[in-house]
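Below is one structure, written out as structure tokens; comments come after it.
The values are calculated or read from the model by the stated rules, or taken from the named source; none is laboratory data. Bear in mind that the values here come from a model prediction, so they are computed numbers and not experimental data. Here the Cβ positions follow ideal geometry from the backbone for every residue, glycine too, while neighbour counts run over all protein chains shown.
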Amino acid sequence: MSKPFIEAKLVRIQQNTEDAISLFFDKQQIVPTDFKSGQYLNFSVSINEQEERRAYSIFTAPFDKEIGVTVKRVENGLVSNFLHDQIEVGNILSLSPPEGRFVLIPDGDKRRQHFFIAAGSGITPIMSMIQAALELEPQSECILIYGNKDEKSIIFKEELLKLSQKYAGQLKIYHILSRSSQGSWKGIKSRLTADLVDELVQENMNERLTQEYYLCGPGELIELFDGHFRANGIDTKKIHKEYFSSPKLDSATAKKEITDGSSIAEVILDGETIQVEVPKDKTVLDTLIDSKYEAPYSCMSGSCSTCIAKLTKGKVEMEQCYALDEDEVEEGFILTCQAKPITDSISLTYDID
């Protein structure tokens, strides 16, 4: 279901690293009740009179008074550079309520061991998860394995240090640097590899607790560790993941585009039933946007779940689908930013909340 954007005032900006900033808002302006750790906010900004949308993960805990997201500057990144260079405290920004299904829901009665594997800005939703688990699930442990290029690129370096001191015995952090800019670095100098992560997981394995695994970062990293954990017998329901970029597709495995004909799509959107003709070389979402319908979307790359809908008739193909698991796809859920019809007619609904 399409969620309305909210006008919220930016109350604070914090410089995290040379290329990462955090933007803070009054939580009550955006969400009246607690959100779930791991969720994100969709931003809608106007650049050169064109609406642009991007999703940025929340790093603050649900019990904090402020709600904050972290934005890393991306080379040639239209929205990230705009937010870094143009936005000031006091500006009004259009945001969605919190969304996303990459979440950790603390349970004070559970005894769990949460393994977090993150790279770069992938730490952002995990930072919220760690804070919530440490405070609200005191019988559990958190192990963070965090990869970066060098010390200067470690987002939340000081905040993580303070958490490890406050929750000593409950939180353990491993910083993995691919190259160290300082000769004084005494930590692990390596890339994030399957062998290294295996070693750290086994070193910290607590058989008295049940294990959960969280992966967040570039697509290639997620694919590597998701496949590795599955191959080693870890239940897929215990592996939680969020892509901060899509993996590079091998052209030999990419799905072939269907370029002939069109399909009639019956779409339920915000309680309204509409019909559009979808060319078979276009996605359902692109067609709806072209037809001036307010369908929900953000990343447009299959990495978030903002554009999720449920297919009730017909078939579609999705070139990329990183935000849904296999069970959800079997149940008929689709990402409309990736869905191209392969039957003469399809029916789907966005109203699935």
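So which residues in region 313-329 are within 22 Å of the chain's Cα centre (by Cα) and of a type in the set (D, E)? Correct list: E319, D325, E326, D327, E328.
In summary, F116 fulfils each of the numbered conditions (1) over 14 Å from Q211 (Cα atoms); (2) assigned by TED's automatic domain parsing to the domain that holds D198 with the single exception of condition (1).
G77 meets all of the listed conditions (1) out of contact with any strand residue (DSSP E or B) (no Cβ under 6 Å at 6 or more places or on another chain); (2) of a type outside the set (D, E, K, R); (3) over 19 Å from P218 (Cα atoms) but one, namely (3).
Here is a yes/no grid of residues against (1) out of contact with any helix residue (DSSP H, G or I) (no Cβ under 9 Å at 6 or more places or on another chain); (2) hydrophobic (A, V, I, L, M, F, W, C):
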position	(1), (2)
E266	yes, no
V276	no, yes
S291	yes, no
E294	no, no
C307	no, yes
K340	no, no
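Pairs meeting the criteria (first residue in region 271-284 and assigned by TED's automatic domain parsing to the domain that holds E317, second residue among the charged types (D, E, K, R) and surrounded by 14 or more Cβ atoms within 10 Å (Cβ to Cβ), beta carbons under 6 Å, at least 6 apart or on different chains) are Q275/E266; T283/K340.
Within region 177-195, is even one residue more than 27 Å from C304 (Cβ to Cβ), surrounded by 21 or more Cβ atoms within 10 Å (Cβ to Cβ) and in contact with a Phe, Trp or Tyr (Cβ under 8 Å, 6 or more places away or on another chain)? Yes, region 177-195 has at least one match. For region 285-301, filtered to residues that are under 22 Å from the mean Cα position of the chain (by Cα) and of a type in the set (A, V, I, L, M, F, W, C), the residue that is nearest to S263 (Cα to Cα) is L285. Scanning region 208-234 for residues that are modelled with pLDDT of 95 or more and of a type in the set (D, E) yields one hit, E212. The sole residue among E88, E66 that is surrounded by fewer than 13 Cβ atoms within 10 Å (Cβ to Cβ) and out of contact with any Cys (no Cβ under 9 Å at 6 or more places or on another chain) is E88.
Hey, among L104, L78, L83, which residue is over 26 Å from L324 (Cα atoms) and buried (at least 21 other Cβ atoms within 10 Å of the Cβ)?
L83
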